[in-house]
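First comes the structure, then the notes that go with it.
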Amino acid sequence: MFKPDDILYEDNHLLVVNKHCGDLVQPDPSGESALEDQIKAYIKRRDAKPGAVFLGVVHRIDRPVSGAVLFAKTSKALARLNEMIRQGEIHKTYWAITENRPEPEEGELRHYILRDPKTNRSKAFQSPHAGAKEALLRYRMIGSSTNYTLVEVDLLTGRHHQIRAQLSKIGCPIRGDLKYGARRSNPDGGISLHSRCVEFLHPVRKEPVRVVAPVPAGDNLWAFFSQE
């Protein structure tokens, strides 16, 4: 559930929020409360706005994933940010706690992702496959414990469940991600994938913006890795 302290960055045009795992970014058929509506309601109260609050979702992250989510507060900013997404001008970095160590410890992954809407799951293929879309990411190992590894991922394309499917494909399922091969679930029902940082040129002021999202509180493994 959204709290004002979750706001990481805000100005007249933009808002970046640190999403909790389990939160929906946008409303879905379940009818459950979503981050988009919670933030609108908060801004309406805080700023005593008489009319509707504009808030555009620039990018989404999966429900069991935590971390930085970018919103636009004006239609002009939304249009420009959407174009920046299409041009690959918004840089997104993720942290993933994986069950195995990737080999090699640093590299680029190229797969072809095919989404199955019936199971809400994606499959990664090594070579082109009918209906599949090319998926690219760069990764590097940045920490390790006895049983887990911290991997930093630079997302180069935005496919459905891309990081989850690609890391699983190389034998490194994300902690807690039963859908993609993890051995056990996390206590909070989420997965250990965190949208760590978002970087871009401000769509109006044309200044660099870099926002880093603190890792989830109350998780000893995240706490261990964030202090390394």
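Which one of these is among the basic types (Lys, Arg), out of contact with any helix residue (DSSP H, G or I) (no Cβ under 8 Å at 6 or more places or on another chain) and at pLDDT 95 or above: Lys118, Lys123, Lys133?
Working: Lys118 fails: at pLDDT 95 or above; Lys123 fails: out of contact with any helix residue (DSSP H, G or I) (no Cβ under 8 Å at 6 or more places or on another chain).
None of the other options fit; the residue is Lys133.
Could you say whether any residue in segment 135-147 is of a type in the set (D, E, K, R) and either surrounded by fewer than 16 Cβ atoms within 10 Å (Cβ to Cβ) or more than 20 Å from Gly22 (Cα to Cα) (or both)? Within segment 135-147, one or more residues are of a type in the set (D, E, K, R) and either surrounded by fewer than 16 Cβ atoms within 10 Å (Cβ to Cβ) or more than 20 Å from Gly22 (Cα to Cα) (or both).
Here Pro203 passes the criteria (1) without any contact (Cβ under 8 Å) to a residue 60 or more places away in the chain; (2) out of contact with any Phe, Trp or Tyr (no Cβ under 9 Å at 6 or more places or on another chain); (3) on the phi < 0 side of the Ramachandran plot except the one numbered (1). In segment 157-177, the count of residues that are farther than 30 Å from Thr74 by Cβ and in contact with a Cys (Cβ under 7 Å, 6 or more places away or on another chain) is zero.
Filter segment 205-228 down to the residues that are exposed (fewer than 14 other Cβ atoms within 10 Å of the Cβ) and in a loop (DSSP other than H, G, I, E, B) and list them by number.
Pass one, segment 205-228, residues exposed (fewer than 14 other Cβ atoms within 10 Å of the Cβ): 205-208, 210, 217-218, 220, 223, 227-228.
The answer is Arg205, Lys206, Glu207, Ala217, Gly218, Gln227, Glu228.
Considering segment 158-189, and only residues there that are assigned to a loop (DSSP other than H, G, I, E, B) and touching a strand residue (DSSP E or B) at 6+ places or on another chain (Cβ under 6 Å), the residue that is nearest to Ile85 (Cα to Cα) turns out to be Arg159.
The values are calculated or read from the model by the stated rules, or taken from the named source; none is laboratory data. Keep in mind it's a predicted model, so treat the numbers as computed, not measured. Heads up, the Cβs are rebuilt from the backbone with ideal geometry, glycines too, and the neighbour counts pull from every protein chain shown.
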